[in-house]
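The values are calculated or read from the model by the stated rules, or taken from the named source; none is laboratory data. Everything numeric in this text was worked out from a predicted model, so none of it was measured. Cβ atoms come from the backbone with ideal geometry, glycine included; neighbour counts cover every protein chain shown. Keep in mind that these areas ignore ligands, DNA and RNA; they rest on the heavy atoms of the full protein, side chains included. Shrake-Rupley method; radii C 1.70, N 1.55, O 1.52, S 1.80 Å.
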Amino acid sequence: MSSRSDIERHHSTKSCRQNNRAYSICRTLVLAGICVLPLSGCTSFVIGAGATAGVAALQERGFNGAVSDSAITAEIWQKFLAQDEKLFLDIEIEVVEGEVLLAGQVESTADELEAVRLSWQVDGVRSVHNEMSVGSGLSLMDNAGDLVITTKIKAALMFDGDIFAINFSIETVNGTVHLMGIAQNERERDRVIAHARETSYVKRVVSHIRLKDDANRQGA
């Protein structure tokens, strides 16, 4: 039987992840200009919409690309939430130029397949990278450790003068780092991967980084 402290930690972890997900959804909706979900806190993000748009305009994918990716992300989240709250809470989503990365730990293979199926239903999705694993839910300590890893890598990229950090997205799940983005050249891509690999407690690095002149990029 679960102890009271275990139950309290479970609810604390769930509440924290729900708040973080609401934060992320509001941010993507503001960028896309479609802040329509009934999520608390959206007003504060509208205030920073100008700054968010400015950042998007500086990215290699451009403002229109960032808006499109944000809209895709928000719609996938909506589909996950409508289908099953577990999908919404357990899966991290990153989208770059229509390429969707799904990372996280789900309870069953059926959940994994359903997440992929729902993602493909969204207009504008060009490919889906399934980096999900099947297993029991991550603990609060696991989630905290993943956040520390992601924060350290982001800081390393920001302070590296040879990397345009704004072009890269990072998701860490159970010590596995997932990288997405657009690199100016192979040297920049290799430096990003190296920073991730050199970060303490990283178990594995999975890169979906594309080069700027990759013929498979949308519009290339």
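Just a few scattered comments:
- Amide proton proximity set for Thr172, modelled H, under 5 Å, gap of 5+: His178
- Which of Ser108, Ser119 is most accessible, then next, and so on - probe 1.4 Å: Ser108, Ser119
- Per DSSP, loop chymotrypsin sites (Phe, Trp or Tyr not before Pro) in region 164-220 with at most 11 further Cβ within 10 Å: Tyr201
- Relative contact order, percent, region 48-201 [alpha-carbon distance under 8 Å, six or more residues apart]: 19 percent
- Heavy atoms of Val148 accessible to a 1.4 Å probe, total area in Å² rounded to 10: 70 Å²
- Nonlocal amide H pairs with Val100, under 5 Å, H built at 1.01 Å: Arg126, Ser127, Val128, His129
- Alpha-carbon centroids, region 179-208 and region 124-155: separation in whole Å: 15 Å
- With every protein chain in place, region 150-214: carbon and sulfur % of accessible area (1.4 Å): 47 percent
- Gain on full stretching of the segment that runs from Asp123 to Arg204 - 0.36 nm per residue minus C-alpha separation: 26.0 nm
- A simple spin-label model places the labels of Asp162 and Gln184 1.2 nm from each other, with each point 7 Å out along Cα-to-Cβ.
- Model label points for Ser108 and Leu147, set 7 angstrom from Cα along the Cα-to-Cβ axis, are 3.0 nm apart.
- Local charge for Asn185 was computed over the other residues whose Cβ lies under 13 Å away, with Lys and Arg +1 and Asp and Glu -1, and equals -2.
- Asp146 accessible area, 1.4 Å probe, all protein chains in place, Å² to nearest 10: 10 Å²
- In the assembled protein chains, Lys154 presents an accessible area of approximately 100 Å² (probe radius 1.4 Å).
- Approximating the spin labels as points 7 Å out from Cα along Cα→Cβ, the Ala194-to-Ser136 distance works out to 4.0 nm.
- Exposure ranking of Trp77, Trp120 by accessible area [1.4 Å probe, largest first]: Trp120, Trp77
- With a 1.4 Å probe rolled over the protein heavy atoms of all chains, the accessible area of Asp123, Asp69, Asp142 falls in the order Asp123, Asp142, Asp69, largest first.
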